[in-house]
Amino acid sequence: LEGEQANLVNERIQSLKKRIKAQATPVPSFDTKAIRATMVAGQRLKAWQMAQDGLAKAPSEPELLAIQGELTTYSPLYPPLSAALREGNWESLRQLSGRMRQDHPDDGELGRVWAVATYNLAVTSLRKYQVAPANSLLGELIKLGDDPSAVKLQQFARSYLSRPADPRYDIFVNNIELRKVE
């Protein structure tokens, strides 16, 4: 074929290729059973993060959007709480989880998140030699439950409230591992 007919045939071939390519890349679907099971287990923050990961892969998945809506109905603070956790912003994580605990005092996950954020904030304060605020944070943490490492850390902090830091202080504080939110 030559001329006008060749152009028409080429245009038709190109349009068919585009249609085939569009059909070859299906919209990924996402299985939400694991997210639902996580929600039922009371791990809503983890479910939020799983839903966000799923939405990154399948942005218009209706089931994921429904889960996201359910979680924000439970508490509209899940987006900033998740962002604070991702960024390692312990102060924000502590404040947000504390506010959420006021609305949902029986939510065990929020209690654990608050405790981890409080402990990690105390450790980072000790690393900056802010001993008095760290001592106060550890005191709050100890009031809520039996945490032997927090008790030992508070005793350590109290011993440095009235004396200057020494090389042992830096070595000890910098070797304390931060806790992870699970």
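Any idea what the relative contact order of the chain is, in percent, if you count C-alpha pairs under 8 Å spaced at least 6 apart?
Worked out over the chain, it gives 14 percent.
Contour minus end-to-end for Ser136 and Val40, with contour as 0.36 nm per residue of separation and end-to-end as the Cα-Cα distance?
Stretched fully, the Ser136-Val40 segment lengthens by 31.1 nm.
Would you mind putting 54-65, 166-177 in packing order, based on average other-beta-carbon counts within 10 Å, highest first?
54-65, 166-177
What lysines does Lys17 reach when the alpha-carbon gap must be under 29 Å and sequence neighbours fewer than 8 apart in one chain are set aside?
List returned: Lys57.
Give me the distance in nm between label points sitting 7 Å out from Cα along the Cα-to-Cβ direction at Glu87 and Leu65, one decimal.
2.7
Given only helices, namely DSSP H runs of n ≥ 4 each adding -39500 (n - 2.57), what is the per-residue ellipticity at 222 nm of the chain, to the nearest 500 deg cm²/dmol?
The per-residue figure over the chain is -23500 deg cm²/dmol.
Sort out for me the Cα centre separation of the range 60-101 from the range 140-179, rounded to whole Å.
If you average the Cα positions of each part, the centres end up 30 Å apart.
Using r as the Cβ-Cβ distance of Thr72 and Arg158, and R0 as 35 Å, what FRET efficiency do you calculate, to the nearest 0.05?
0.25
With P(r) over Cα pairs in 10 Å bins from 0, in percent in mind, check (1) 9, 27, 21, 15, 11, 7, 5, 4, 2, 0; (2) 9, 35, 35, 15, 5, 1, 0; (3) 10, 33, 25, 17, 12, 3, 0 and report the label derived from this structure.
(1)
Convert each backbone phi in the range 161-171 into a coupling constant with the Karplus relation 6.51 cos²θ - 1.76 cosθ + 1.60 (shift: θ = phi - 60°), then list the ³J(HN,Hα) values in order as whole Hz, x for Gly and Pro.
5, 10, 9, x, 6, 10, x, 5, 4, 4, 4
Skipping prolines and chain starts, which residues have an amide H placed within reach, meaning under 5 Å, of the one on Arg179, given they are 5 or more residues away or on another chain?
Asn120
Would you mind computing, in nm to one decimal, how far apart the modelled labels at Lys180 and Arg19 are, each placed 7 Å from Cα along Cα→Cβ?
According to this spin-label approximation, the distance is 5.1 nm.
Please compute the length gained on full extension between Ser149 and Ala6, using 0.36 nm multiplied by the number of residues separating them and subtracting their Cα-Cα distance.
So the extension gain works out to 43.5 nm.
In whole percent, what relative contact order does the range 94-182 give with Cα contacts below 8 Å and a gap of six or more residues?
Across the range 94-182, relative contact order equals 29 percent.
For Arg127 and Lys33 in one chain, what is 0.36 nm times their gap in residues minus the Cα-Cα distance, to one decimal in nm?
Here the answer is 29.7 nm.
Laboratory data are not the source of any read-out in this text; all were calculated from the coordinates shown. This one's a predicted model, so the numbers in the text were calculated from it and none came from an experiment. Cβ atoms come from the backbone with ideal geometry, glycine included; neighbour counts cover every protein chain shown.
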